[in-house]
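The next block holds one structure in the form of C-alpha cells; read it before the comments.
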Amino acid sequence: MRTDLPVHPGSPHCPPSADLFEEALGSVLATVDMGEVLSRIGALIRRHYGPTRVAIHRCLPDAPGWAETLTADDPLGAGGSGARFRLEGSLAGAALGAGEPVFAERLNAGAPRWREEALLAPRGYGSVASFPLVVNGRALGALEIAHAPREGVFAGCACHAGQIARLLAIALSNSLMFDEVRRLARALQRENAVLREETTRGGRRYVAESPAMRAVMEQARRVAATDTTVLIRGETGTGKEGLARAIHELSPRLAAPFVAVNLGALPESLVESELFGHERGAFTGAVARQPGKFELADGGTLFLDELGDVPLAVQVKLLRALEERAFTRLGGAEPVRVDVRILAATHRPLEELVAAGSFRADLFYRLAVFPLVLPPLRARPGEIRPLARHFVARHAARLNRRPPRIPAAAFRRLEAHLWPGNVRELENLLERALILAPGDELELPAFEPSASAAIPADGGTTFEARMRAVLAEALAASGGRVYGPDGAAARLDLPPTTLQAKLRRYGLKNPGRPAERRHAR
C-alpha cells in the first residue's frame with residue numbers, strides 16, 4: 001500500500017481538465033444541498049473514470065476527533081451515509097492531520113490499515129484518496145474518492161478530485177452556513193410562538209392555593225435549582241405536566257428547551273425511535289436521520305409523561321441514557337451525548353408494576369430520586385375557585401372576549417362535584433361553558449354533580465364537611481371496602497392505613513367485610 005503518491009494538478013499524470021472543472025463548478029454553484037452536489041459530481045467523475053465513490057466526511061464540532069459521513073454517492077454499495085466514526089485510524093483523519101491529500105493506491109482487503117480500506121476493499125474498490133476540506137484555516141471535513149481497479153486512472157482521477165475538493169470545501173462551508181441560518185430561523189420562530197402564546201394567554205401560572213399544593217410547590221422550588229431527576233405522581237388530569245413546566249421555568253435551564261413526550265400515546269414499536277432518534281435506513285420508511293426527544297431537549301428539560309407505559313425492551317436503553325446521558329440512535333453505532341434534565345410522571349402504581357415484572361426495579365429507583373405527589377382535585381376543594389377564575393380568564397383571552405363573571409351558584413355547583421377527571425376535567429368544562437354561553441355571566445353546561453358531596457345553598461362549606469362527604473362517597477362506591485384495587489383507599493389514592501385513620505377522625509364507620517377487617521389487623 002502506498003499513501004504518499006505525489007499527485008498534483010498539472011503533473012504528467014493529470015490530463016487537461018478545463019471542461020471537467022467547469023462542469024464541476026456549475027454543479028457546485030447550482031445548489032446548497034450537499035446530497036445533490038455529490039450526486040452531480042459523482043456522475044461527472046464516473047463519466048470520465050468509471051465506477052467511482054464520492055463521499056464527504058464532516059467534522060463534528062461537538063465531538064472533537066469524530067466525523068460523520070454527511071452523504072455518499074456510491075455505485076458499488078459500500079454505503080456509510082450518516083455513520084459516525086473516529087478520525088484516528090482513518091484516511092480522512094490522516095489527510096486532516098497532514099493538511100494535504102493522502103492516497104492509498106492499492107487496497108488490501110486481507111490486512112486493512114485504514115478504516116476506509118476495511119469498508120471499501122471488500123466491495124471491489126481498488127484505491128482511495130482523501131482530501132482535506134479547509135476554508136479560511138478551518139477544517140470542515142474531508143472528500144473521499146475511491147474507484148475500482150483500473151490501470152492508468154488513479155493519478156488522473158485523484159488529480160481532478162484535488163481540484164474539485166477546493167470547490168467542495170466552499171460548497172460545504174456554504175451548506176453549513178445555510179443550515180445554521182435555518183436553525184436560527186427555526187429558533188426565532190419558536191421564540192415568537194412562545195411570546196405569542198404568552199401574550200394571548202396572559203402567561204402560564206401554576207395555581208397552588210391550598211395548603212397541600214403549597215407544600216408541593218415548596219418542594220418543587222427547592223428541587224428546581226438542581227439537576228436532580230424528579231418523578232411526579234398523581235391521578236390522570238391532576239396537572240403533572242403543568243408542574244413539570246413550572247419546575248423547568250424555576251430552574252437555571254429556563255432559556256433552554258422544554259420537550260414533553262407522552263409515552264402512553266405512542267405505538268410500542270415507535271417509542272425507541274421517538275426517544276433516541278434513528279439513522280437513515282434503520283427501518284422501512286426511515287429515509288433520513290431523525291433526532292429523538294433526548295437530542296431535541298439537549299441543554300434543557302425532557303419530560304417523560306405516562307412513564308409506566310414504557311416497553312421493557314426500551315427500559316434498558318432508557319436506564320443507560322439516564323445514568324450516562326448517552327445513547328445510540330436506532331440503527332446507529334456511535335454514542336450520542338446530551339446534557340438533559342429528566343422529569344417523569346405517571347398515574348400508574350410503579351411499585352406494583354415492578355412486583356409484576358413489567359417495570360425494571362433499577363429504572364424505578366433511578367427515576368424516583370425526588371418524588372412529588374400531586375393530590376387529586378377532590379382532596380383540595382379550596383383550589384376549585386382560584387382554578388376556575390384562572391381557566392376562565394385564560395380561555396376568554398384566547399377567545400378574544402372579556403372574562404365573564406362567575407356567580408356564586410356556579411361555584412357551588414363546581415364544588416359539589418368530585419372531579420374524577422381532576423383539573424383537566426374542570427378546565428374542559430369551563431372552556432365548553434365559554435363557547436356555549438357568550439354572555440357577561442358564566443353559565444355552566446349540564447354535568448352531573450356528586451350528590452353525596454353536595455354543598456348546602458347557604459354556603460356552609462367547611463373543609464371537614466367536604467372531606468367527610470368525599471370519604472363517604474368513596475366508601476359507598478367501593479361497597480364499604482378499604483383494601484384492594486377496587487377499595488376506597490385505591491379510589492382516593494391513599495394508603496389504606498391512612499384512610500382508616502381518616503374514617504375514625506371524621507366519625508365514619510367502615511362496614512367492611514370480616515375478611516377485610518382481619519386483613520386490616
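Here is a check on your reading of the model: is Gly382 in contact (Cβ under 8 Å) with a residue 40 or more places away in the chain and not aliphatic (A, V, I, L, M)?
Here the answer is yes, as Gly382 does meet what is asked.
Identify all residues within the stretch 386-395 that are surrounded by fewer than 16 Cβ atoms within 10 Å (Cβ to Cβ) and either without any contact (Cβ under 8 Å) to a residue 40 or more places away in the chain or within 23 Å of Ala489 (Cβ to Cβ) (or both); write none if there are none.
Arg389 - this is the single residue of the stretch 386-395 that is surrounded by fewer than 16 Cβ atoms within 10 Å (Cβ to Cβ) and either without any contact (Cβ under 8 Å) to a residue 40 or more places away in the chain or within 23 Å of Ala489 (Cβ to Cβ) (or both).
Here is a check on your reading of the model: is Arg289 of a type in the set (Lys, Arg) and closer than 16 Å to Arg360 by Cβ?
Here the answer is no, as Arg289 does not meet what is asked.
One line per residue, one yes/no per condition, for (1) among the aromatic types (Phe, Trp, Tyr); (2) farther than 26 Å from Arg221 by Cα; (3) surrounded by fewer than 18 Cβ atoms within 10 Å (Cβ to Cβ):
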position	(1), (2), (3)
Arg320	no, yes, yes
Leu330	no, yes, no
Glu352	no, yes, yes
Leu372	no, no, no
Pro375	no, no, no
Glu383	no, no, no
Ala397	no, yes, yes
Arg402	no, yes, yes
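In the stretch 355-379, which residues are under 22 Å from Glu274 (Cβ atoms) and assigned to a loop (DSSP other than H, G, I, E, B)?
Matches in the stretch 355-379: Ser358, Phe359, Arg360.
Going by the structure shown, is Leu176 within 21 Å of the chain's Cα centre (by Cα), modelled with pLDDT of 75 or more and assigned to a helix (DSSP H, G or I)?
No.
Checking Arg325 against (1) basic (Lys, Arg); (2) under 30 Å from Trp66 (Cβ atoms); (3) buried (at least 21 other Cβ atoms within 10 Å of the Cβ), which single condition isn't satisfied?
All conditions are met except number (3).
If you take just the helices (runs of 4 or more DSSP H) that sit entirely in the stretch 256-354, which of them hold at least 2 residues that are over 11 Å from the mean Cα position of the chain (by Cα)? Lay out the reasoning, then the answer.
Values: elements: 271-276, 293-296, 312-324.
Because the criterion is at least 2 residues that are over 11 Å from the mean Cα position of the chain (by Cα), the helices (runs of 4 or more DSSP H) in the stretch 256-354 that meet it are 312-324.
Name every residue in the stretch 489-501 that is assigned to a helix (DSSP H, G or I) and within 37 Å of the chain's Cα centre (by Cα), in order of residue number.
Residues satisfying the conditions are Ala489, Ala490, Arg491, Leu492.
Using the structure shown, decide if Phe303 is under 24 Å from Pro371 (Cβ atoms), among the aromatic types (Phe, Trp, Tyr) and free of Cβ contacts under 8 Å to residues at least 60 places away in the same chain.
Spelling it out, it is not the case that Phe303 is under 24 Å from Pro371 (Cβ atoms), among the aromatic types (Phe, Trp, Tyr) and free of Cβ contacts under 8 Å to residues at least 60 places away in the same chain.
How many residues does the stretch 37-62 hold that are in contact with a Cys (Cβ under 9 Å, 6 or more places away or on another chain) and polar (S, T, N, Q)?
Final tally of qualifying residues: 1.
How many of the residues in the stretch 383-423 are in a loop (DSSP other than H, G, I, E, B), within 20 Å of Ser210 (Cβ to Cβ) and not aliphatic (A, V, I, L, M)?
Qualifying residue count for the region: 4.
Condition first: in contact (Cβ under 8 Å) with a residue 24 or more places away in the chain, surrounded by 17 or more Cβ atoms within 10 Å (Cβ to Cβ) and not assigned by TED's automatic domain parsing to the domain that holds Ala282. Can you find one or more residues in the stretch 337-345 that meet it?
Looking for residues that are in contact (Cβ under 8 Å) with a residue 24 or more places away in the chain, surrounded by 17 or more Cβ atoms within 10 Å (Cβ to Cβ) and not assigned by TED's automatic domain parsing to the domain that holds Ala282, one finds none in the stretch 337-345, hence no.
Assigned by TED's automatic domain parsing to the domain that holds His390, basic (Lys, Arg) and either modelled with pLDDT of 75 or more or on the phi > 0 side of the Ramachandran plot (or both), is that true of Arg412?
yes
Which one of the conditions (1) surrounded by fewer than 17 Cβ atoms within 10 Å (Cβ to Cβ); (2) touching a residue at least 24 places away in the same chain (Cβ under 8 Å) does Phe359 fail to meet, given that it meets all the rest?
Unmet condition: (1).
Determine which single condition Arg106 fails, assuming it passes every other condition in (1) under 30 Å from His395 (Cα atoms); (2) among the charged types (D, E, K, R); (3) at pLDDT 70 or above.
Unmet for Arg106, out of (1) under 30 Å from His395 (Cα atoms); (2) among the charged types (D, E, K, R); (3) at pLDDT 70 or above: (1).
Do you know which of the residues in the stretch 260-300 that are loosely packed, with under 15 Cβ neighbours inside 10 Å, aliphatic (A, V, I, L, M) and free of Cβ contacts under 8 Å to residues at least 40 places away in the same chain is farthest from Arg337 (Cα to Cα)?
Per the criteria, the residue is Val287.
In this structure, does Pro485 turn out to be at pLDDT 60 or above, closer than 28 Å to Thr346 by Cβ and surrounded by fewer than 16 Cβ atoms within 10 Å (Cβ to Cβ)?
When the stated conditions are applied, Pro485 passes them.
The values are calculated or read from the model by the stated rules, or taken from the named source; none is laboratory data. In this text, all values refer to a predicted model and were calculated from it rather than measured experimentally. Note that we place each Cβ from the backbone using ideal geometry, even for glycine, and neighbour counts take in every protein chain shown.
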